[in-house]
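K.L.:
Take a look at this one; I'll ask things after.
Here, each number is a calculation from the coordinates, and none is a lab measurement. All values derive from a computational prediction rather than experimental measurement. Note that we place each Cβ from the backbone using ideal geometry, even for glycine, and neighbour counts take in every protein chain shown.
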Amino acid sequence: MINVSKLKKGIVLDHITAGHGYRVFRQLGLDKLSDVVVLMTNVDSERMGKKDLIKIETDLPLDFDVLGLLDPGITVSYVENGVCVRKAHLVLPEKVTGILRCKNPRCISQTEDVEPITFHLVDARTKEYACEYCDARTHL
Ligand SMILES: [Zn+2]
């Protein structure tokens with residue numbers, strides 16, 4: 001018997017869109033693990049109504065790009081001794097202002113004194129953002 005509610009050590013993938021759990025499970029190759037993996041579907045959620053949840057009783061390197069592409073709303077919690085020690089969110093911001101710099105030498109932002117540039121997310125998987133002035137792409 002495993003205790004589903006109390007995980008001693010491992011990873012919890014929470015807030016998976018209801019019905020997506022099995023796909024996430026397969027995409028991450030969890031069916032090939034020899035450790036205990038629990039897939040729960042249609043769990044009641046205050047925020048989402050219903051959600052899926054995966055508990056993995058081991059530490060394993062997760063492909064966050066795959067996860068983010070599958071379902072950017074997933075919350076990843078790392079558990080040690082029954083306590084969540086770290087949480088990771090997959091959601092990339094739709095736009096970032098003042099963090100990225102445009103690399104295009106012909107961009108107006110290189111010569112003019114413009115407001116902090118806003119970049120818009122164009123590809124969440126590759127974390128590519130586009131400059132608001134020239135549309136040149138850059139990575140986060
Ligand atoms: Zn630019």
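K.L.:
Quick check on V85: is it over 16 Å from the mean Cα position of the chain (by Cα) and hydrophobic (A, V, I, L, M, F, W, C)?
P.N.:
Working: over 16 Å from the mean Cα position of the chain (by Cα): yes; hydrophobic (A, V, I, L, M, F, W, C): yes.
Considered against the rule, which asks whether it is over 16 Å from the mean Cα position of the chain (by Cα) and hydrophobic (A, V, I, L, M, F, W, C), V85 comes out as yes.
K.L.:
Looking at L62, L53, L30, L39, can you tell me which residue is more than 12 Å from V12 (Cβ to Cβ) and aliphatic (A, V, I, L, M)? Please lay out each step first, then the result.
P.N.:
On the way: L62 fails: more than 12 Å from V12 (Cβ to Cβ); L53 fails: more than 12 Å from V12 (Cβ to Cβ); L39 fails: more than 12 Å from V12 (Cβ to Cβ).
Selected residue: L30, the only one of L62, L53, L30, L39 that is more than 12 Å from V12 (Cβ to Cβ) and aliphatic (A, V, I, L, M).
K.L.:
Exactly one of these conditions fails for V38: (1) touching a strand residue (DSSP E or B) at 6+ places or on another chain (Cβ under 8 Å); (2) more than 19 Å from L7 (Cβ to Cβ). Give me its number.
P.N.:
(2)
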